Amino acid sequence: MDRNSPYDATRWHATTICSVRKGKDVVVGGDGQVSMGPTILKHNAKKVRRLGKDGEIIAGFAGSTADAFTLFERLEAKLEAHPGQLTRACVELAKDWRTDKYLRKLEAMMIVCDKDVSLILSGTGDVVEPQDGVVAIGSGGNYALAAARALADQKDLSAEDIVKKAMKIAADICVYTNDSLVLEKI
């Protein structure tokens, strides 16, 4: 990937979002740190939210806050246009995000989950469903992803336990990630 692209993971100094699907549970967790360069501005931001008419969808973002809120609003509009069809709503959002002159400049990534599917969305038009139900994005995303995958087959750990442990590992390694977690569960 082009190192000047806003979607180049090595440029992301935003946050960490991790999601684990295990059994009937889906958990999305995000840290609370807001950084501007080397300065921590806030410790307890909420980067994971419930969306949809009944809060049946969980979304987490990494990247610019204003851009993420724009994407949340756009995704909610797509969900209203395509009720009960999370994948279709996300594909429609990704098409707009990729082709719209304004949206194309947004610098964020999202994890979006419902009871049936977990997806990663990016401004390059990606809508990716992980094959193992474990996904992570953001500056500490690779650390959380590796930790969650290593823990996923532990029978005594719930999806929530795995997300908590993976996010703790990411926070111990990534300076742009803290251990102030927001967790949402379906």
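Things worth noting here:
- Only strands (runs of 3 or more DSSP E) whose full extent lies in the stretch 38-82 are considered here, and the ones with at least 1 residues that are of a type outside the set (Asp, Glu) and farther than 17 Å from Leu121 by Cβ are 39-42.
- The residue list Ala152, Ala166 contains one member that is surrounded by 15 or more Cβ atoms within 10 Å (Cβ to Cβ), among the small types (Gly, Ala, Ser), in contact with a helix residue (DSSP H, G or I) (Cβ under 7 Å, 6 or more places away or on another chain) and more than 16 Å from Thr15 (Cβ to Cβ), which is Ala152.
- For the condition surrounded by 22 or more Cβ atoms within 10 Å (Cβ to Cβ), at pLDDT below 85 and not aromatic (Phe, Trp, Tyr), Ala89 does not qualify.
- Inter-residue pairs, beta-carbon under 6 Å, first without any contact (Cβ under 8 Å) to a residue 12 or more places away in the chain and in the stretch 106-133, second part of a strand (DSSP E or B) and not basic (Lys, Arg), 6+ apart: Val128/Ile120
The values are calculated or read from the model by the stated rules, or taken from the named source; none is laboratory data. Note that this is a predicted model, so its numbers are computed, not measured. Reconstructed Cβ throughout: ideal geometry from the backbone, glycine too, with neighbour counts over all protein chains shown.
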